[in-house]
Every structure is written in structure tokens, then in C-alpha cells.
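Engineer: Okay, here's the structure, questions in a sec.
The values are calculated or read from the model by the stated rules, or taken from the named source; none is laboratory data. Not measured: the values here are computed from a predicted model. Quick reminder, even Gly has a Cβ in these numbers, built from the backbone with ideal geometry, and neighbours come from all protein chains shown. Keep in mind that these areas ignore ligands, DNA and RNA; they rest on the heavy atoms of the full protein, side chains included. Shrake-Rupley method; radii C 1.70, N 1.55, O 1.52, S 1.80 Å.
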Amino acid sequence: MGEGRLTVRKAWVVAGAAVAAGLSFVMLLVVGVYLVAGNLANGVGGGGKALAKGAVPAAYQTLVQKWGNLCPAINPALLAAQLYQESGFNPKAQSPAAAQGIAQFIPGTWATHGIDGDGDGDRDVWDPQDAIPSAASYDCELASYVKDVPGDATKNMLAAYNAGAYAVIKYGGVPPYSETRNYVKTITTLQDSFAAPVGRVDPSKQAAGAISYAQKKLGTLYLWGGDGTAEDGGRFDCSGLTKAAYESVGISLPRVANDQYNAGPHPARDELLPGDLVFFSDDLTNSRAIRHVGIYVGGGYMIDAPRTGAVIRFDPIDTPDYFGATRVTEDGAKALPTEV
């Protein structure tokens with residue numbers, strides 16, 4: 001799940017220094033995280049309309065950016081969140097309920113609301129050039145149906161997508177259905193993972209605990225597919241380690257690295273804080289191609305499980321395949337689909 005970036009000897013020089021620091025290292029980390037949290041309390045920004053780097057596969061980036069601005073009720077990050085939730089950006093996805101394509105239209109809805117997005121004379125549910133514009137167009141059509149309903153236009157649109165426009169009109173806003181309210185929260189939360197932040201983002205309160213967990217695993221041999229269980233001999237691969245580290249502080253992450261990327265907003269390189277997940281890929285335009293993940297510890301280093309034959313260790317993050325980072329949030333992790 002990743003290539004080694006330090007020799008074992010060099011890694012253990014770094015690891016030895018950190019272990020020697022012991023509890024002091026962890027306590028400094030905790031203090032540092034919360035000092036930063038306090039310093040940023042008045043300067044944290046939310047997501048904007050621009051997409052985060054590589055969050056949408058390059059083949060769909062222009063489409064999502066263009067059609068995500070079709071009407072005020074949607075934005076590119078929201079449209080990206082819907083596509084990811086529906087299909088994981090898989091244009092060949094088909095559900096047991098017969099939903100089809102990257103936007104998961106059922107045939108009856110497609111017959112009524114599908115559009116010829118690329119102007120080639122046909123409406124093909126399997127073609128993202130048609131399906132992505134159709135998803136945006138359908139969102140905006142729903143928004144127009146509920147435009148006079150009080151409350152947030154985007155949340156009302158999402159509620160109409162899930163429960164129907166009549167229910168939104170009837171209840172004067174998001175209806176009191178648990179499925180609908182969960183859907184609205186999921187998409188509005190998940191959009192933060194696809195938006196380029198317009199300012200600093202909140203530090204994770206669980207970051208220090210996740211690092212402490214990973215630090216205790218230094219020196220453990222790598223195992224492809226390893227989750228650290230007794231059956232695995234306590235060994236991990238890269239995403240197995242990060243998943244276990246955050247589970248130790250009560251946050252459940254997906255199993256694979258490219259889905260873990262969507263567990264929160266994306267700080268820039270110069271905004272990294274200890275506990276951020278850092279990702280690596282041979283394709284820097286596509287988060288779905290991410291192949292390696294580690295936990296940032298500061299000073300340009302991460303703890304990671306690099307590859308077969310190596311041990312969990314400290315590695316530098318500033319390599320040509322560095323893709324980006326995610327600041328894990330509880331809501332962001334909860335919003336992720338169980339399967340994409």
C-alpha cells in the first residue's frame with residue numbers, strides 16, 4: 001500500500017528519539033493541538049464552491065465544477081458529495097433497485113429528468129457527460145419546486161430529493177423522517193470533504209489519541225490487509241493502521257485509503273497538524289487512485305505502515321507522490337457511505 005521512504009536504520013534513529021521522549025511527546029502533542037485549536041477559534045473557515053485538489057476524478061472535474069453552479073441551491077462540492085454517495089464516481093454502478101450509472105438514476109426518473117448534457121443527440125444514463133448534468137438539473141428542478149418553503153434552500157432541495165417535494169411543502173421544510181434528515185445531514189457534511197477550504201479548518205480533538213495509538217505500534221511488521229487483529233498477529237497495512245488508530249478514539253473510518261480521504265476537510269500542506277491523515281498517489285489528479293496513507297506527527301514526518309518487509313515507522317511526507325491531507329472529523333467519517 002505504499003513504498004518505503006527511509007531505510008530501516010534511519011527510521012529507527014527517528015523512532016528511537018520519539019520513543020525516548022515517551023509521555024512527554026504525547027503530552028506536548030496534546031497541548032500543541034489544543035493551543036492551535038484556541039488560536040484558530042476565530043479564524044476557521046468553511047468550505048467554498050471550489051473543489052479540493054483531486055477530490056473528484058480528473059475526468060469529471062470540469063463537469064462537476066460547471067454543473068455544480070447551475071443554480072444557487074447547489075455547488076460543485078455538494079454535487080460531488082452526491083455522486084460519491086451514490087456511486088463512488090463509478091459510471092458503471094448498478095444497484096439492486098435498478099439505479100444506474102454515476103448518478104444512480106432509476107429508469108423512470110431518468111426518462112423524465114435525464115438531459116443530453118453533451119449535446120450529442122442522445123440521453124445516456126451510463127455516460128457521465130449526460131448523467132452528471134442531469135443530476136445537477138434534477139437538483140435545481142427540485143429546488144424550484146420547494147423555493148417558497150421556509151428555511152435553507154439547499155437542505156429543502158436535498159429533502160425533496162429523498163422524500164419528494166410534496167413532503168417538504170407539507171411540513172414547511174425538511175420533513176420529520178429519520179431517513180430524510182439523515183440524508184440531508186450526510187450530504188451537507190460530506191460536501192466539506194470535496195470543497196477546497198477557504199480558511200483554516202478546526203483541529204481534531206481526537207488527533208493526539210490516534211497518534212498515541214500509532215506510536216505504540218512502531219516496529220510492528222507490515223501485513224497486506226492487516227487490521228491488527230490476533231489473526232493478523234497484531235500486524236497492519238497502511239489503511240488498517242490509520243483505521244485502528246482512529247477507532248481507538250471512537251471514530252470509525254472506511255477500510256481503504258482512498259475512502260479515508262473523504263473523512264473530513266483538506267488542509268493545505270502548510271496547515272497540517274498532528275493527527276491529520278496524509279495520502280500518496282501516482283495520480284495526483286484523482287483521489288480514487290490514492291494508494292497509501294499515514295498519520296502526520298509534525299516536522300514533515302508521519303507514522304505509517306509502508307510495505308511488505310518493512311515495519312511501522314516514521315517516514316517523511318514531502319515526496320513527489322504526496323497527494324494531500326484530511327483532517328478527520330466525527331461527522332465527516334459518519335457521513336461516508338459503507339460501500340462505494
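Engineer: Please verify whether Lys155 is open to solvent by 40 Å² or more (accessible area, probe 1.4 Å) and in contact (Cβ under 8 Å) with a residue 40 or more places away in the chain, treating the condition exactly as stated.
Structural biologist: Taking the combined requirement at face value, the residue does not satisfy it.
Engineer: Next up: Can you find, within segment 173-199, the residue that is most open to solvent (accessible area, probe 1.4 Å) among those that are among the aliphatic types (A, V, I, L, M) and part of a loop (DSSP other than H, G, I, E, B)?
Structural biologist: Val198
Engineer: Right, next: Determine which single condition Met1 fails, assuming it passes every other condition in (1) open to solvent by 30 Å² or more (accessible area, probe 1.4 Å); (2) modelled with pLDDT of 50 or more; (3) within 20 Å of Gln260 (Cβ to Cβ); (4) aliphatic (A, V, I, L, M).
Structural biologist: So Met1 meets the others, but not (2).
Engineer: May I pose another question? Among the residues of segment 248-287, count how many are closer than 25 Å to Gly299 by Cβ and either assigned to a loop (DSSP other than H, G, I, E, B) or of a type in the set (A, V, I, L, M) (or both).
Structural biologist: Residues flagged as closer than 25 Å to Gly299 by Cβ and either assigned to a loop (DSSP other than H, G, I, E, B) or of a type in the set (A, V, I, L, M) (or both) within segment 248-287 amount to 21.
Engineer: Shifting gears a bit: Return yes or no: is Tyr138 part of a helix (DSSP H, G or I), of a type in the set (Phe, Trp, Tyr) and open to solvent by less than 50 Å² (accessible area, probe 1.4 Å)?
Structural biologist: On the way: part of a helix (DSSP H, G or I): yes; of a type in the set (Phe, Trp, Tyr): yes; open to solvent by less than 50 Å² (accessible area, probe 1.4 Å): yes.
Taking the combined requirement at face value, the residue satisfies it.
Engineer: Still on this structure, please answer the following. Looking at the structure I just gave you, is Val293 among the β-branched types (Val, Ile, Thr), closer than 20 Å to Leu221 by Cα and open to solvent by less than 10 Å² (accessible area, probe 1.4 Å)?
Structural biologist: In short, yes.
Engineer: All but one of (1) under 20 Å from Lys53 (Cβ atoms); (2) among the hydrophobic types (A, V, I, L, M, F, W, C); (3) in contact with an Asp or Glu (Cβ under 6 Å, 6 or more places away or on another chain) hold for Leu223; which doesn't?
Structural biologist: Leu223 satisfies every listed condition except (1).
Engineer: Kindly list, by first and then second residue, each pair from a residue in segment 51-73 that is open to solvent by less than 70 Å² (accessible area, probe 1.4 Å) to a residue that is part of a helix (DSSP H, G or I) and among the acidic types (Asp, Glu), limited to pairs with Cβ atoms under 7 Å and residues at least 6 apart or on different chains.
Structural biologist: Taking only residues 6 or more apart or on different chains, the pairs are Ala73/Asp139.
Engineer: Can you tell me how many residues in segment 215-238 are under 21 Å from the mean Cα position of the chain (by Cα) and either more than 30 Å from Ala80 (Cβ to Cβ) or not in a loop (DSSP other than H, G, I, E, B) (or both)?
Structural biologist: Total meeting the criteria: 2.
Engineer: Take the residues in segment 296-340 that are of a type in the set (A, V, I, L, M) and closer than 15 Å to Ala207 by Cβ, then tell me which one is surrounded by the most Cβ atoms within 10 Å (Cβ to Cβ).
Structural biologist: Selected residue: Met302.
Engineer: Okay, moving on. Of all residues in segment 79-130, how many are basic (Lys, Arg) and either open to solvent by less than 10 Å² (accessible area, probe 1.4 Å) or within 16 Å of Pro57 (Cα to Cα) (or both)?
Structural biologist: As a first pass, look at segment 79-130 and keep what is basic (Lys, Arg): 92, 123.
Narrowing the set further to residues that are either open to solvent by less than 10 Å² (accessible area, probe 1.4 Å) or within 16 Å of Pro57 (Cα to Cα) (or both) leaves 92.
Looking only at that region, the number is 1.
Engineer: Among the numbered criteria (1) closer than 30 Å to Val146 by Cα; (2) modelled with pLDDT under 95, which single criterion is violated by Asn75?
Structural biologist: For Asn75, the exception is condition (2).
Engineer: Moving to a separate point now. It is to be established whether one or more residues within segment 159-172 are without any contact (Cβ under 8 Å) to a residue 60 or more places away in the chain, surrounded by fewer than 22 Cβ atoms within 10 Å (Cβ to Cβ) and outside any helix (DSSP H, G or I).
Structural biologist: Yes, some residue in segment 159-172 is without any contact (Cβ under 8 Å) to a residue 60 or more places away in the chain, surrounded by fewer than 22 Cβ atoms within 10 Å (Cβ to Cβ) and outside any helix (DSSP H, G or I).
Engineer: Next question. May I ask you to list the residues in segment 62-77 that are within 16 Å of the chain's Cα centre (by Cα) and more than 13 Å from Asn262 (Cα to Cα)?
Structural biologist: Residue satisfying the conditions is Pro76 alone.
Engineer: Within the bounds of segment 222-236, is there any residue that is among the hydrophobic types (A, V, I, L, M, F, W, C) and surrounded by 22 or more Cβ atoms within 10 Å (Cβ to Cβ)?
Structural biologist: Taking segment 222-236 first, the residues among the hydrophobic types (A, V, I, L, M, F, W, C) are 223-224, 230, 236.
After this cut, where a residue has to be surrounded by 22 or more Cβ atoms within 10 Å (Cβ to Cβ) as well, the list is 236.
Looking for residues that are among the hydrophobic types (A, V, I, L, M, F, W, C) and surrounded by 22 or more Cβ atoms within 10 Å (Cβ to Cβ), one finds at least one in segment 222-236, hence yes.
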